[in-house]
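Read through the structure below, which is laid out as structure tokens, and then see the notes.
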């Protein structure tokens, strides 16, 4: 890289370095912000607002769908909860559905936050919750195919509903976590006067391309 190129590069990034040093964000937070920008494909500062709104919007839609699904197909359905009671905590099917929703949502939250923050304990808890959800999901099928306590059709229908609720809360948690992380990224950029723009991204690539040439 030529001397003129190095001087121009230092001049372009000098202001950003001074901001980081003056305000003192930790290296961990800077790395987290950079990782979020790349993983979520944040194009510029204005796109953060649109992405937060979109992800919160879709999570709200999913949450409403799941609530209506539970109300219509679980709590109001003609399904005798006294039959096929779970051996885990001895709860009926309607309560099992609520447990799957809560455990699945919490597990997805912990897993996503652990992935971004690099923490061990949330992933351990998330893994344990996934096993419990999987047990509740498979249990009706075992009742239907191994014992005579549930009809096969009822067993399949129960597991199908649990699977839908489990998958729905998982996607809902992904949207909520991304929205909350984007909200943190927006505030981080505002607090430290960081501007995310395509022009800045191009300036970052220019020194490397010149050195290769």
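Points worth noting:
- Residue within region 114-133 that is at pLDDT below 95, at positive phi and under 27 Å from the mean Cα position of the chain (by Cα) present: yes
- Matching residues in region 155-193 - criterion: being over 22 Å from residue 104 (Cβ atoms) and surrounded by fewer than 19 Cβ atoms within 10 Å (Cβ to Cβ): 183, 184, 186, 187, 188, 189, 190, 191, 192, 193
- Evaluated against (1) at pLDDT below 95; (2) part of a helix (DSSP H, G or I), residue 138 falls short on exactly one condition, (1).
- Those residues of region 83-105 which are surrounded by 15 or more Cβ atoms within 10 Å (Cβ to Cβ) and over 18 Å from residue 69 (Cα atoms), in sequence order: 84, 85, 86, 91
- Residue 165 fulfils the conditions (1) out of contact with any helix residue (DSSP H, G or I) (no Cβ under 6 Å at 6 or more places or on another chain); (2) touching a residue at least 40 places away in the same chain (Cβ under 8 Å); (3) within 22 Å of residue 112 (Cβ to Cβ) except for a single criterion, (1).
- Checking residue 150 against (1) buried (at least 19 other Cβ atoms within 10 Å of the Cβ); (2) part of a helix (DSSP H, G or I), the condition it does not meet: (2)
- Applying a threshold of 7 Å to beta carbon distances and a minimum spacing of six or more residues, or different chains, the list of pairs starting in region 50-72 at a residue that is over 12 Å from residue 101 (Cβ atoms) and ending at one that is outside any helix (DSSP H, G or I) and modelled with pLDDT of 95 or more is empty.
- Yes/no for residue 165 being at pLDDT 95 or above and in a helix (DSSP H, G or I): yes
The values are calculated or read from the model by the stated rules, or taken from the named source; none is laboratory data. Source: prediction; values computed, not measured. Glycine also receives a Cβ, built like all others from the backbone with ideal geometry; neighbour counts cover every protein chain displayed.
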